[in-house]
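Reading through the structure tokens given below for one structure.
Any read-out appearing in this document is the output of simple, stated calculations on the displayed coordinates, not a laboratory observation. Note that the structure is predicted; figures quoted are calculated from it, not measured. Heads up, the Cβs are rebuilt from the backbone with ideal geometry, glycines too, and the neighbour counts pull from every protein chain shown.
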Amino acid sequence: MANRNSTLIDSDRGLFSILRLVKLRLPGPYLWQGEDIDNEKAMGSAFHAFVPEDSNVEKTSVASIIVADVTNDTSEPDVSNHVQVDTTIIDKYLRTEVLEQSSLAGEEIADWTPSRLHKLESGAPTFLLTEYTLRGNSKEMRHIDLRINAGGRKIVAKGICYDMERAEELSQLVFSVLGSIVISDSRKADVIAPISSTESPREILAADFKSLQGGLPISGGWGYSRDDACIINKNDPLVNPKKPFNGVAIEYVFVEKRIYEEMITFRSDGEKFSGISWKLQEQSTLHEEGKVFDRLVYEITAFSDSDWEELKAEFEGPQGYSHCDFDIKAHEEKRQQKMLRLTREFWFDITSFFGQGLS
């Protein structure tokens with residue numbers, strides 16, 4: 001599956017990323033073959049499921065999963081504002097489109113389940129779900145389509161079951177794959193580039209944050225890797241030897257300030273973030289080449305300034321949370337959809353104080 005539009009993230013779990021927008025899991029025991037989709041209206045990937053080699057089974061795919069960015073297809077409906085989406089109108093439109101396309105292929109609609117809004121997991125955006133069966137050449141195929149907005153992009157995820165004698169089994173397979181979908185707009189996260197500066201972190205933080213009262217007892221880099229680790233020095237001239245030294249507290253301060261530098265200070269107007277929060281996900285200590293390193297992994301969440309102001313105005317405005325008709329569930333779904341999530345590593349050289357406690 002060496003395709004440009006999809007990347008295998010975890011082979012043990014069969015986890016793939018498509019266009020860095022959508023993640024999904026392709027389970028066994030099926031064998032999966034992938035191919036790119038790349039045309040004027042759609043870009044993405046198609047994955048075809050095969051039954052493991054058996055002399056009694058034809059070597060043809062039994063199901064397919066298709067994920068595509070169809071933003072450039074003006075005929076595709078926009079479901080970004082699902083609160084105002086009229087599913088009846090969209091369903092009628094989609095049925096007409098499918099009818100026209102299937103007729104050209106010599107097929108007909110054998111069964112149609114009305115489109116409906118469907119939530120796959122807590123905190124995930126709402127999907128528009130459409131199910132139907134096409135019949136052609138004495139053969140039926142079951143289609144299960146999901147439509148979603150991801151980072152302002154129109155995404156269609158489609159499952160097709162070709163072997164109707166195994167319709168129940170294959171429908172479960174398709175729903176399992178579509179149910180594993182996670183929207184992860186890492187393209188948006190990519191714009192949060194590592195800090196590149198001629199001045200040292202020590203100098204920059206001291207200048208930007210007067211609350212540090214002269215700065216932090218650090219040297220080295222911004223802590224993106226072991227080689228770029230932020231060195232915390234217990235014997236730095238800034239340290240008052242009469243007070244207990246808390247190196248871990250300095251780590252936490254550095255984490256906070258680097259996040260603010262990345263997402264606010266080093267960014268141009270119109271590209272800054274608000275509502276920033278972070279949570280420690282992982283911590284590990286490494287002993288290498290006579291040094292001790294502390295590696296922290298944080299999940300960071302934030303909103304673009306424009307999205308933050310929009311959400312704030314909606315929540316605090318005259319039709320907001322104090323109004324009897326305010327839909328708090330819809331607001332939270334909108335908030336989750338606009339939220340940027342990214343993971344960052346912070347490396348510290350803690351050799352100077354490791355194992356000494358507060359001293």
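Which value in nm describes the separation of the simple spin-label points at residue 104 and residue 50, placed 7 Å from the Cα toward the beta carbon?
That separation, rounded to one decimal, is 3.0 nm.
Translational diffusion coefficient of the stretch 247-328 at 4 °C, 1.567 mPa s, Stokes-Einstein with Kirkwood Rh over Cα pairs, in µm²/s as a whole number. Each step should come with its number before you reach the end.
Working: Rh = 15.7 Å.
Diffusion coefficient, whole number: 83 µm²/s.
Of 143, 87, 32, whose Cα points farthest to the positive end of the dipole of the stretch 6-187 (charges on the beta-carbon: +1 Lys, Arg; -1 Asp, Glu; origin at the Cα centre)?
Looking along the dipole axis, the top candidate is 87.
Find how much the distance from residue 314 to residue 289 grows on full extension, using 0.36 nm per residue of separation minus their present alpha carbon separation; answer in nm with one decimal.
Details: separation 25, 0.36 × 25 = 9.00 nm, distance 5.43 nm.
Length gained, residue 314 through residue 289: 3.6 nm.
Give, rounded to the nearest 20 debye, the magnitude of the charge dipole that the stretch 232-296 has about its Cα centre when Lys and Arg contribute +1 at Cβ and Asp and Glu contribute -1 at Cβ. Intermediate values should be presented prior to the final figure.
Details: 10 positive and 11 negative charges, 64 e Å.
Dipole of the stretch 232-296, to the nearest 20 debye: 300 debye.
What does the convex hull of the alpha-carbon atoms of the stretch 6-187 project to on average, in nm²?
Its average projected convex-hull area is 10.9 nm².
For the stretch 191-349, report the translational diffusion coefficient in µm²/s to the nearest whole number, using Stokes-Einstein at 10 °C, 1.306 mPa s, and a Kirkwood Rh over Cα pairs.
So the translational diffusion coefficient is about 89 µm²/s.
Would you mind calculating the gained length between residue 301 and residue 25 on full extension (0.36 nm times residue separation, minus the Cα-Cα distance), in nm to one decimal? Spell out each step's value before the answer.
On the way: separation 276, 0.36 × 276 = 99.36 nm, distance 2.39 nm.
Length gained, residue 301 through residue 25: 97.0 nm.
For the chain, calculate the relative contact order in percent as a whole number, restricting contacts to Cα pairs under 8 Å that are 6 or more residues apart. All intermediate terms of the calculation are to be shown ahead of the outcome.
Values: 648 pairs, mean separation 46.6, N = 359.
13 percent.
Round to the nearest 10 and give me the degree value, 0 to 90, for the angle of helix 247-260's Cα axis relative to the longest principal axis of the chain.
50 degrees
Counting only other residues whose beta carbon sits under 12 Å from that of residue 310, what net charge do I get with K and R as +1, D and E as -1?
On the way: positive: 312, 334, 335, 338; negative: 305, 307, 309, 314, 316.
Within the 12 Å Cβ shell, the charges total -1.
Would you be so kind as to identify which of 252, 337, 313 lies farthest towards the positive end of the dipole of the chain, taking Lys and Arg as +1 and Asp and Glu as -1 on Cβ and the Cα centre as origin?
Projecting each Cα onto the dipole axis, the largest value belongs to 252.
If contacts are Cα pairs under 8 angstrom and at least 6 residues apart, what is the relative contact order of the stretch 6-187 in percent? The partial results should precede the final answer.
Working: 364 pairs, mean separation 40.1, N = 182.
Relative contact order for the stretch 6-187 comes out at 22 percent.
Output the relative contact order of the stretch 191-349, whole-number percent, from Cα pairs under 8 angstrom with separation of 6+ residues.
Values: 219 pairs, mean separation 37.3, N = 159.
Reported as a whole number, the value is 23 percent.
With charges set only on the Cβ (+1 for Lys and Arg, -1 for Asp and Glu), what does the dipole of the stretch 241-359 come to about its Cα centre, in debye to the nearest 20? Please list the in-between numbers first.
Details: 16 positive and 23 negative charges, 103 e Å.
Using only the charged Cβ atoms, the result is roughly 500 debye.
Percentage of Cα-Cα pair distances in the stretch 213-266 greater than 18 Å, rounded to whole percent?
On the way: 495 of 1431 pairs.
Distances greater than 18 Å cover 35 percent of the Cα pairs.
Need one number: nm distance between label points at residue 165 and residue 248, each 7 Å from Cα along Cα→Cβ, rounded to one decimal.
6.3 nm
Please build a GNM for the chain, connecting alpha carbons under 10 Å apart, and tell me which residue among 108, 289, 100 fluctuates the most.
The residue with the greatest mean-square fluctuation here is 289.
What's the FRET efficiency of residue 117 with residue 240 using the Cβ-Cβ distance as r and R₀ = 51 Å, to the nearest 0.05?
After rounding to 0.05, the efficiency reads 0.30.
With +1 on the Cβ of every Lys and Arg and -1 on the Cβ of every Asp and Glu, and nothing else charged, how large is the dipole of the chain about its Cα centre, in debye rounded to the nearest 20?
Working: 41 positive and 59 negative charges, 209 e Å.
I would put it at about 1000 debye.
Quick one: net charge around residue 264, please, counting Lys, Arg +1 and Asp, Glu -1 for every other residue with C-beta under 13 Å from its C-beta. Write out the running numbers ahead of the final one.
Working: positive: 257, 258, 267, 272; negative: 208, 256, 261, 262, 269, 271, 305.
After counting each charged neighbour, the total is -3.
Points 7 angstrom from Cα along the Cβ direction at residue 73 and residue 199: gap in nanometres?
Here the answer is 5.1 nm between the modelled labels.
Only sites in a loop by DSSP and with at most 16 other Cβ atoms within 10 Å count here; which chymotrypsin sites (Phe, Trp or Tyr not before Pro) in the stretch 282-352 make the cut? It would help to have the intermediate numbers written out before the result.
Numbers: sites: 293, 298, 303, 308, 315, 321, 326, 346, 347, 348; in loops: 321, 326.
Passing sites in the stretch 282-352 are 321, 326.
Which three lengths, in whole Å and largest first, does the chain cover when its Cα atoms are put on their principal axes?
87, 61, 34
Excluding residue 177 itself, what net charge comes from residues whose Cβ is under 12 Å from its Cβ, given Lys and Arg +1 and Asp and Glu -1? Don't skip to the answer; put the middle values down first.
Values: positive: 23, 25, 158; negative: none.
Cβ neighbours under 12 Å give a net charge of +3.
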